[in-house]
């Protein structure tokens, strides 16, 4: 009978303890673990896919079709950086051709402090975050249907327009400002990088609209018949935390496939290839 009582006592301890070890202090589950908000783009385009990043915790998400987001901290402070850190941390909002924005949060021992900084008493960002557009890039291909048997050249045109006084950006350009770096996406979702030998990665300060033209000779059109999308490499310069940019890849700012991970509204051009 005594053995049975001892067994039941130990079983009760095991069921009420929140840690694997009986000799650790029980973990208090934090309550204020989430922050929610909404993002809009200044030009009225869909706010879906804006990148939202919480510095210090390396936590991120993207906005939904209505521009809404929710960030959540780990519910066990011991699994957080520093085992439940305290301090002031920014939430960053990023889409490459828009000006980044940020909201300030206060964290105490691994929990958001509601009603402080830019977070209201209900755990929401106080006001809707608006990203102002910096750059508009539109891409065109003529003809839109390319006949391989016709043997005609193809014209690629980019119109690049600053929407503020000036914008710093990187692009591959030839001596006559021919656009020189593209990704071609097939209907099957595969990507192919194309770069002109004479094009160089150029840092520009754009203060007026420019038009970049490239004529592609027919013998360079090594495509199978199908439907494709042209994606130009144009990258705006931003002052952002390196940890944020590394989420897209260490070489995402350069002309690599990691560039395609970066959220942007850079214009694309669809075209078809026929025999």
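The values are calculated or read from the model by the stated rules, or taken from the named source; none is laboratory data. As the structure is a prediction and not an experimental result, all values here were calculated from the model. Please note: Cβ atoms are built from the backbone with ideal geometry, for glycine as well, and neighbour counts cover all protein chains shown.
Taking region 124-181 as the region of interest, the strands (runs of 3 or more DSSP E) fully inside it that hold 2 or more residues being modelled with pLDDT of 95 or more and under 21 Å from residue 230 (Cα atoms) are 135-142, 154-162, 167-173. For region 206-221, filtering for residues that are farther than 19 Å from residue 143 by Cβ and touching a residue at least 60 places away in the same chain (Cβ under 8 Å) leaves 1. Just checking, does region 228-250 include any residue being assigned to a loop (DSSP other than H, G, I, E, B), more than 27 Å from residue 44 (Cα to Cα) and in contact with a helix residue (DSSP H, G or I) (Cβ under 9 Å, 6 or more places away or on another chain)? The answer is yes, given that some residue of region 228-250 is assigned to a loop (DSSP other than H, G, I, E, B), more than 27 Å from residue 44 (Cα to Cα) and in contact with a helix residue (DSSP H, G or I) (Cβ under 9 Å, 6 or more places away or on another chain).
Of all residues in region 222-235 being in contact (Cβ under 8 Å) with a residue 12 or more places away in the chain and over 23 Å from residue 175 (Cβ atoms), which is surrounded by the fewest Cβ atoms within 10 Å (Cβ to Cβ)? The extreme case among them is 224.
For region 252-266, which residues satisfy the criterion of being assigned to a loop (DSSP other than H, G, I, E, B) and more than 10 Å from the chain's Cα centre (by Cα)? Can you show your working first?
From region 252-266, those assigned to a loop (DSSP other than H, G, I, E, B) are 252-256, 262-266; that's our starting set.
Selection gives 252, 253, 254, 255, 256, 265, 266.
Here the condition is being within 26 Å of the chain's Cα centre (by Cα), over 22 Å from residue 149 (Cβ atoms) and surrounded by 17 or more Cβ atoms within 10 Å (Cβ to Cβ); of 204, 214, it holds for 204 alone.
Listed conditions (1) loosely packed, with under 15 Cβ neighbours inside 10 Å; (2) under 30 Å from residue 99 (Cβ atoms) are all met by residue 180, apart from (1).
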